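The values are calculated or read from the model by the stated rules, or taken from the named source; none is laboratory data. For clarity, every value in this text was computed on a predicted model and none was experimentally measured. For neighbour counting, all protein chains shown are included, and Cβ atoms are generated from backbone atoms with ideal geometry for every residue, glycine included. The area values use the complete protein model at the heavy-atom level, side chains included, leaving out ligands, DNA and RNA. Shrake-Rupley method; radii C 1.70, N 1.55, O 1.52, S 1.80 Å.
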Amino acid sequence: MDKEEDKDHTPPDNERSSTEDCLKKKEKEAKRVIKTIQWTTGNNFTVERGRQQIEELISTWDIHESWLHHSEFLEEEELKDSKRYHYRACWGMPTRRKPIPRATASVYFVIVISKLKPDTSPVEVFFRLESSRLIRRPEECQFREKWLQDIIENKIILIERLSSQ
């Protein structure tokens, strides 16, 4: 192949994509839209409504249908400037061979009603994973199924280590 023929197959500089452009494109594709819900206001809040809204939020998460969970109200906490309502969603993946999962993973939720804001303000919601101190806001962070898998895998490893001693 001569040089003239080679030139015809090389795109001009303005049509070449750089590694940086490729990385930016992949990064945009990897970003997911964070799904959230419209939270109730302080004056419309009840413990059961809070649990229903947590279930509604969970339904927006991209989690395989083989994961099962149940949610429950844990406690009400009275603070100087707010009331906090604590909930837990306990996750497991039962199978036909093991209908009772070897381990479960919990996600803890807190619904906060401010005493300083108007009653018509929406409640604030936070969640954290079992074994983590990082507190997340649903509107800022898309839940990942991998977090549940990691918790359960770590528990199973621990169970196996303890039983082999």
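Within region 44-62, residues that are more than 21 Å from residue 120 (Cβ to Cβ) and free of Cβ contacts under 8 Å to residues at least 40 places away in the same chain reach partners that are open to solvent by 30 Å² or more (accessible area, probe 1.4 Å) and not hydroxyl-bearing (Ser, Thr, Tyr) with beta carbons closer than 6 Å, at six or more positions or on different chains, in the pairs 51/73; 60/35.
What are the residues in region 71-110 that are assigned to a loop (DSSP other than H, G, I, E, B) and hydroxyl-bearing (Ser, Thr, Tyr), if any? Passing the criteria: 95, 104. As a summary of the residue check, residue 82 satisfies the conditions (1) surrounded by 12 or more Cβ atoms within 10 Å (Cβ to Cβ); (2) within 16 Å of the chain's Cα centre (by Cα) except for the one numbered (2). Of all residues in region 116-138, those satisfying the criterion of being part of a strand (DSSP E or B) and within 19 Å of residue 67 (Cα to Cα) are 127, 128, 129. Surrounded by 11 or more Cβ atoms within 10 Å (Cβ to Cβ) and under 15 Å from the mean Cα position of the chain (by Cα): does that describe residue 77? No; evaluated as a whole, the condition is false for this residue. Restricting 113, 152 to residues that are hydrophobic (A, V, I, L, M, F, W, C), in contact (Cβ under 8 Å) with a residue 12 or more places away in the chain, more than 14 Å from residue 54 (Cβ to Cβ) and assigned to a strand (DSSP E or B) narrows the list to 113. Any residue in region 119-145 that is within 13 Å of residue 61 (Cα to Cα) and in contact (Cβ under 8 Å) with a residue 12 or more places away in the chain sitting within a Cβ distance under 6 Å of a residue that is open to solvent by 50 Å² or more (accessible area, probe 1.4 Å) and hydrophobic (A, V, I, L, M, F, W, C)? List the pairs, counting only those 6 or more apart or interchain. Sorted first by the residue in region 119-145, then by its partner, the pairs are 142/34. Among the residues that make up region 128-150, is at least one of them open to solvent by 40 Å² or more (accessible area, probe 1.4 Å), of a type in the set (Asp, Glu) and within 22 Å of residue 41 (Cβ to Cβ)? Yes, that holds for at least one residue.
For region 102-121, indicate whether the set of residues that are in contact with a Pro (Cβ under 9 Å, 6 or more places away or on another chain), farther than 17 Å from residue 151 by Cβ and open to solvent by 20 Å² or more (accessible area, probe 1.4 Å) is non-empty. Within region 102-121 (the criterion being in contact with a Pro (Cβ under 9 Å, 6 or more places away or on another chain), farther than 17 Å from residue 151 by Cβ and open to solvent by 20 Å² or more (accessible area, probe 1.4 Å)), the answer is no, since none of the residues qualifies. Filtered by the rule that a residue be outside any helix (DSSP H, G or I) and open to solvent by 30 Å² or more (accessible area, probe 1.4 Å), region 48-65 gives 62, 63, 64, 65.
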